[in-house]
Structure formats: C-alpha cells, structure tokens
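Structure first, commentary second.
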Amino acid sequence: MIESLRAFGYSLETAIADLIDNSITAGAKNVWLSFNWNGESSTISIKDDGCGMNEEKLVNSMRAGSKNPLEDRDPADLGRFGLGLKTASFSQCRKLTVGSKKKYDKVSIRSWDLDYVNKCGEWRLLNVETNYSGSLFSSLEGMESGTIVLWEQIDRLVKGTNKANPKYENVFYEQIDSVKSHLAMVFHRFLESGENFKIYVNGWPLKPWDPFLRNHPATQQLPKEPLYIFGKKVVVQPYILPHRSKMNDETYDLADGLGGWNRRQGFYIYRNNRIIVTGDWLGLGFRKEDHTKLARISVDIPNSLDNEWKIDVKKSTAKPPTQLREDFKRLARLTIEKATLVYRHRGKASIRKTTEDFVFPWETKSIHEKYFYSINRKHPLVDDVLKNAGDQKGKISAMLRLIEETIPVPLITLNSSEKPDNLPVPFEHVPSEELISVVKEIWDSLKRAGLSTVDAKNRLLNMEPFCDYPEHISSFIEKQKGE
Ligand SMILES: Nc1ncnc2c1ncn2[C@@H]1O[C@H](COP(=O)(O)OP(=O)(O)OP(=O)(O)O)[C@@H](O)[C@H]1O
Ligand SMILES: [Mg+2]
C-alpha cells in the first residue's frame, strides 16, 4: 500500500504546494523552503512558524487518512482528505521526517522510511532524536512553535545522479525555478498580503504572480458575478488582459507564466484563496485558441463545496457542478467575446480597474436554497425615486414588490436555455437617445446625491449596463459640461 501511495500523480510543484497548504492552515507567517543539492543524497525541507503539533497529534498526522474527508472543515482550512502530507511526500521521496513543536511543548520528531517498512513488513513509524539531520530539527527549539518536513532519498528527482557532474546539478536547480513559478502563482493572494505571509526559497523571498495583471492600467475587469449552489456562494470575476501593444516585453513575458499565453487562458479556480486550477476551460466546450488568449476568469469557491467541485487530493483539479455549467458557459462566452475584440485591436477599454463596487439593478438572494431576485434599492436611481416620492412612496414600493414577486423566472430560464445565443444585451439595437435618456435620469440622481462630475462619471462606468457603453457615457458627460 505504501508503494501505491506514491502513485497519486503529483509533480514536484504540486507536492510542495500541498505541504505549504498545511503550513498556511497552521497559521504560518513564514515558510522556508530549502533545496540542498548533494547528488543522490540531496534533500528538500520545508519549515514553517505555524502552530505546530504535540507528539500525539504528530503521530496521528503521520497516518494516511488522519482526518475524515466528510468532516466539516474550518472555512480557512486548505486540507480535506488527511492524506496530503504523506501522499505528496512519498510521491517524491522514500524517507519522510516531520519535526514539530507546539507552543509551550517540546519538539517531537517522527519518520517514515519506506525501505524500513518494506523490510520489516510492518507500519513502523520511527521515533527520531532531536539532533537528527544536524541542526535542522534542533532549530525548532528556538522557536515558539513550528514544523519542519524533511524529504530524503528524493529518488523521483535525483536517482542515478552524480554530485560531481554539473549537468545533474543544473537539472536540479531548473526544477527549483519551476517550483518557484508554481508557488508564486498558486499562493499569490497570500503573498500579496505583504508582511503577513512570506515564502523563502533557499533564502530568497518569493514574489507573487498575479494571473490577471490587476495592476496594469489596460487590464479590463468585467462585472463580478455571484452564483449560488446549495445556498453557498461562488464568485466569478472575468478579466480581459491588455493587448500586446499595451505591454512592455517584461510584462508580456511575465504574464505568460509557466506555460505560455495560450495555455494560461480560461478559468482560475481559487479554493480559500489558493489556486487549484490554473487556466482551463473546464470541459465547457471552449478551446484554447490564440485569439481568445486574453480571457482569464477568476472563480472563488468555499471548501464547503469540495464534494460538488470534485476536488482531488492533490488540489489540482476541480469540475464545475452541473447546476453551474450553464452560467459558466455564459460567462466564458461573454469574456471570450470581449477578449477577442481586444486581441483584434478593436476592444474598447470599457471598464478600468477600479476600487468601486459595481452597481447592478438586480440582486440575487438565496434563502434556504431558493433564489429570489430583487431590485437593488440602493441603486442610485431607485434610491432617488423612493426618497423623493413623497406620498407616492407606498405605491412605488408596492409596484417594485409586485415586479419582484412575479418576475417570470421559469419562463426566462426556459427561453434562455433553449437559445442562449439569442439573449439580447441590455440596450442592444436601441437608439442611443433611449440609452442616454436613462443615463440622464441616473446622472441627475447622482448629482442630487452630491457627487462630483468625476465621481458621478466613475459611478456610471461601474454600473450595469452602462459599463458596456463607455463612449456614450463620455460624450454625454462632455455635453453636460458644455451646458
Ligand atoms: N505544517 C504543519 N503544521 C501543523 N500541523 C500540520 C502541518 N502539516 C500537517 N499538519 C497536521 O497534519 C494533518 C494531516 O495533514 P495532511 O496534509 O496529511 O492532511 P490534511 O491537510 O488534513 O488534508 P489533505 O489530504 O487534503 O491535505 C493536518 O490535518 C494537520 O492537522
Ligand atoms: Mg494537507
């Protein structure tokens, strides 16, 4: 069985990421990853300053299946199966040693040596002296709490190598580069938190890699959309990356990540802020074409939906639940359409990255797994109308309520699922005067609420559906200034 545990299909990158998951779940602020080249005796160690484990917990954690996957986990827990520490480690090495120290407790160390287990034919977990591996484990003594995972006999990486041959050494160090790129991507949100979390690789701090180039002025951010399944929220945020002409060579090369621009398109699934899927169209029928390569979409899922998303032990695959597939297809299609326009140089910078939230006229609420659609009372126009309605307020509220309660959801669902391509975009094929007459009313409401011209313009550009008509908004505002 222990040999079978080696065959989960981890790569070096995904195996190390799985161990860092454990460090993050343990509340670590720092993770020190160390690759030590020594031919066939090379080692890899991961040390963290998380909460650590006492002896009993360490012994339990060394067991395969140390936790029940069906158990509810803390919303920030990156684990699920009680396997990762063992399966990730054995995928790369034949000897796994873990030392740990809980606050106010002593250091405990345990080790699995696959050759020893094979030889004695029993699951004998070794109790190890604190001075094992020189000063590595004794460095825990000086820490309040923390954990060190040491991989020895990393046969998958260095078997048959010769320490004196620089060719092998180069291959070893090339692997470190690809581990660094993978970790910089997978944990970029944690690394962006500044002083709160750092990963050091052989002493060097890792810089985060943002798949969406959110800090680039030409990146377009489409409206964020919350979706619900079993009353739990999944948030989808599409981005269109800038046209090649808007990026310098360095940014272009950087955004290419590990696999190249083409491979990097698609959905990025974040589970508790940690990326598990890195650019994939999730089997929804889209292909990775050159003209769609600027489309990247972030999806945030909670760990309470692991089963529905079919999360695997390696935390490297996820499949959208059937109930969300149509929404995902719709959002992918929309993003791909806009990304193609930018790729063909026809894309307007419809929406700039902004700190303001988007304003939607409609809101979706989920109560006891049932969905309700309501008109956003905080929408500037609705808010203004209600505030200034005087004795009509009751009537207007009743009218809104009537619309909300009777909105023909089943009919809309039926019609749109039959011909999703025929769904009109708001104000599509409508004379621009009609669009502007609606914009004008909202503009007046915003001004009445005391917003400056600049703020009111930004608000309109962050409002569905006007975010899709930036040139109309701009010319409307120019006219207002002239008057
Ligand atoms: N670096 C660490 N610091 C503190 N506790 C740890 C650390 N690594 C592992 N543990 C403990 O060991 C347990 C087993 O870890 P393991 O990675 O095998 O499973 P898991 O994280 O629970 O689930 P998964 O299989 O999804 O990773 C964890 O649940 C945690 O309690
Ligand atoms: Mg784990």
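The values are calculated or read from the model by the stated rules, or taken from the named source; none is laboratory data. No experiment lies behind these values; they were computed from the predicted model shown. Ideal geometry is used to build each Cβ from the backbone, glycine not excepted, and the neighbour counts take in all protein chains shown. Protein only, heavy atoms only, side chains kept; ligands, DNA and RNA dropped before computing areas. Shrake-Rupley method; radii C 1.70, N 1.55, O 1.52, S 1.80 Å.
Computed as a quarter of the hull surface, the mean projected area of the alpha carbon convex hull for region 256-296 stands at 3.0 nm².
Computed about its Cα centre, the charge dipole of region 4-205 is approximately 340 debye, with only Lys, Arg, Asp and Glu carrying charge at their Cβ.
Modelled this way, with points 7 Å down the Cα-to-C-beta line, the labels at Trp123 and Ser178 are 3.3 nm from one another.
In this simple spin-label approximation, Asp77 and Glu56 carry label points 7 Å from Cα along the Cα→Cβ vector, and these lie 1.8 nm apart. Computed from Cα atoms alone, the Kirkwood hydrodynamic radius reported for region 90-139 is 11.9 Å. Scalar couplings 3J(HN,Hα) for region 299-314, obtained by applying the Karplus form with A = 6.51, B = -1.76, C = 1.60 to θ = phi - 60°, are 10, 10, 10, x, 6, 6, 10, 3, 5, 5, 8, 6, 5, 9, 4, 6 Hz; x denotes Gly and Pro.
In region 363-482, the C-alpha radius of gyration followed by the widest Cα-Cα span (Dmax) gives 16.8, 52 angstrom.
Going 7 Å from the Cα of Arg63 along its beta-carbon direction, which residues of region 110-137 have the amide nitrogen within less than 14 Å of the resulting point? Under 14 Å, as judged by backbone N against the label point of Arg63, lie 123-125 of region 110-137.
Find the centroid of the Cα atoms in region 204-226 and in region 101-179, then give the distance between the two in whole Å. Rounded to whole Å, the Cα centres lie 36 Å apart. Placing unit charges on the Cβ atoms of the charged side chains and taking the dipole of region 363-482 about its Cα centre, the candidate lying farthest along the positive direction among Ser432, Leu451, Phe476 is Leu451. For region 1-106, a crude dipole built from +1 on the beta carbon of Lys and Arg and -1 on the beta carbon of Asp and Glu, taken about the Cα centre, is about 280 debye to the nearest 20. Quick one: if the Förster radius is 45 Å, what FRET efficiency do Lys395 and Arg214 give, using the C-beta to C-beta distance and rounding to 0.05? The value I calculate is 0.50. Shown are Trp37, Trp204, Trp362, whose ranking by accessible area with a 1.4 Å probe and every protein chain present, most to least, is Trp204, Trp362, Trp37. For the chain, the longest principal axis of the Cα atoms and the long axis of helix 393-406 meet at an angle of about 60 degrees. Model label points for Ser475 and Lys103, set 7 angstrom from Cα along the Cα-to-Cβ axis, are 6.4 nm apart.
Of the Cα atoms belonging to region 1-75, the radius of gyration and Dmax stand at 14.4, 43 Å. P(r) tail for the chain: Cα pairs beyond 46 Å make up 24% of the total. Pairs Lys95/Lys310; Lys47/Lys95; Lys86/Lys163; Lys57/Lys315; Lys180/Lys314: which are spaced more than 20 Å apart, C-alpha to C-alpha? Cα-Cα > 20 Å for Lys95/Lys310; Lys86/Lys163; Lys57/Lys315; rest within. Extension gain for Asn202 to Lys233 (0.36 nm times residue separation, less C-alpha to C-alpha distance): 7.3 nm.
When +1 charges are put on Lys and Arg Cβ atoms and -1 charges on Asp and Glu Cβ atoms, the dipole computed for the chain relative to its Cα centre reaches about 200 debye. Between Tyr239, Asn127, Gly394, the Cα set farthest toward the positive side of the dipole of the chain (charges on each charged residue's Cβ, about the Cα centre) is that of Asn127. Can you send over the carbon and sulfur percentage of the accessible area for the chain, probe radius 1.4 Å, protein chains only? Answer for the chain is 51 percent, counting heavy atoms of protein chains only.
The accessible area of Met62, taken with all protein chains in place and a 1.4 Å probe, comes to roughly 0 Å². Please give the residues of region 48-89, grouped as numeric ranges, whose backbone N is less than 13 Å from a label point set 7 Å along the Cα-to-Cβ vector of Glu144. Label zone hits: 49-52.
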